[in-house]
Amino acid sequence: GGAAVGAIAALTVAVGSGVKAAMSMEQQIADIASVMGLAADQTAPLKGLIQNLGIDPKLKVSATEAADAIEMLGRNGLRMDDIMDGAARSTILLANATNADFGDAADIATDAMFLFNIQAAKMNDAVNGIASVTTNSKFGILDYKLALAQAGGVASVVGVEFDDFNTTIAAIAPYFASGSDAGTSFKVFLQNLIPKSNEAMDAMRGLGLYTGLSKKEFQDAQEKIGKYGEQLAKLDPTSKNYAERSAELKDKIDILRRSLVEGSNAFYDADGNMKSMAEVSGILNAALSGLTEEQKSNTLSTIFGTDAMRAAAGMAGYTEEQFLALKGTMGKVDAEEMAATRMNTLAGAMEILWGVIDTLKMQIGDAFLPLLRKLAELFT
């Protein structure tokens, strides 16, 4: 008697708790649909995804937390297909591996995807790369977020690969107190690989990194082209030496025009594409190898400016082979292994267990929602 009553009471409490959880999840999915501008039936597949994430033994996340992360991905502009195809799971894995909160993980994941054109199906590899920065430098995940925010846009535009971006942030980290500073310096460094002043051109020319015209030489050449063009236009076609004089002026103009486009920048290939970060590091390292520390400091300041000279110094500290070795080491990092290590404690195991229980409870309550909805409609 008493045992049966107790069991029924416990079951009632469990069902009630499950119904409450299911109602909350239904509302969360409706909120996600609203945020993404989708109809309810279009976001219906999210319920199954959220439940699968909640009971995934490799992830430390409740169904509620998974829904929150997905809503953040939606707010950040991700499509349903991306969320379903791996972005949601990768975001949670990133949070688990780096101890980030789910909001920060969602921001980082979406920024990386949009900036470096990473497909959702490839996000696990991207998460490994992001996590590798936190294991191969002093920067934690929040510093990485700030570095990506500062430098990611410029880096992606000029052609830096995502793995190169991650390796560079890890390589230059010792020179900075924060990821924001590192990202800002790296951004300006990339912008100044093409010299912005006569002094920078001369300094690069002195290191054998640049053979193009200085700004003044460029302007002088353009002025001469204009002057010779005017002289050519004023020649009288009927004059005795017209052919000889016009040919002479045309030759001078052609020579000057070629001088405007000739020359090279060691950081770019023949097609005008920036070289890899490993090559850029190696070029800087070799160019500065014979200088004193004072000369290096002055040279880097002249070429890259005070904002970028620390990033340049960090890059110059690596030969091409050393940069590639660091990149190789970082490429071996597995975010799932990192997450498993973090969760290999009693506290971690209990969090996973409660996440599973939370999801199962929601699934039980979900079965009662249609009936309860009909009852509610009868009285409204």
Could you tell me which of Gly159, Ile92, Leu235 has its Cα farthest along the dipole of the chain towards the positive end, charges placed at Cβ (Lys, Arg +1; Asp, Glu -1), taken about the Cα centre? Leu235
With charges only on Cβ, +1 for K and R and -1 for D and E, what is the dipole size of the range 42-97 about its Cα centre, in debye, rounded to 20? 80 debye
Along the range 138-149, what does the Karplus equation 6.51 cos²θ - 1.76 cosθ + 1.60 (θ = phi - 60°) give for ³J(HN,Hα), rounded to whole Hz, x for Gly and Pro? 7, 6, x, 5, 5, 5, 4, 4, 5, 5, 5, 5
Positive-end residue, the chain charge dipole about Cα centroid, Cβ charges, pick of Leu53, Ile253, Thr292: Ile253
When the chain is fully extended, how far beyond the present Cα-Cα distance does Phe114 get from Lys196, taking 0.36 nm per residue of separation? 26.6 nm
Quick one: putting +1 on the C-beta of Lys and Arg, -1 on the C-beta of Asp and Glu, what dipole do you get for the chain around its Cα centre, in Debye to the nearest 20? 380 debye
About its Cα centre, how strong a charge dipole does the range 198-330 have in debye, to the nearest 20, once Lys and Arg get +1 and Asp and Glu get -1 at the Cβ? 360 debye
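Note down the relative contact order for the range 198-330 as a percent, whole number, built from C-alpha pairs under 8 angstrom at least six residues apart.
Relative contact order of the range 198-330: 29 percent.
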C-alpha long axis of helix 293-304 to longest principal axis of the chain, angle in °: 90 degrees
Please list, ordered by chain and number, the residues whose modelled amide H lies under 5 Å from the amide H of Tyr268; skip anything fewer than 5 residues away on the same chain. Lys275
For the chain, the longest principal axis of the Cα atoms and the Cα long axis of helix 179-191 enclose an angle in degrees, to the nearest 10, of 30 degrees
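Could you work out [θ]222 nm for the chain from helices alone, using -39500 (n - 2.57) per DSSP H run of at least four and dividing by all its residues? Round to the nearest 500 deg cm²/dmol.
Result for the chain: -23000 deg cm²/dmol, rounded to the nearest 500.
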How high is the FRET efficiency between Arg79 and Leu346 when r is their beta carbon distance and R₀ equals 35 Å, given to the nearest 0.05? 0.35
On Cα atoms only, tilt of 88-98 relative to the major axis of the chain in degrees: 80 degrees
Ranked list, fewest to most other Cβ atoms within 10 Å of each Cβ, for Ile194, Ile283, Ile303: Ile194, Ile283, Ile303
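Only the coordinates and a few stated rules stand behind these numbers; no lab work does. What you see is a predicted model; the values in this text were computed from it and never measured. Note: ideal-geometry Cβ built from the backbone for every residue, glycine included; neighbour counts use all protein chains shown.
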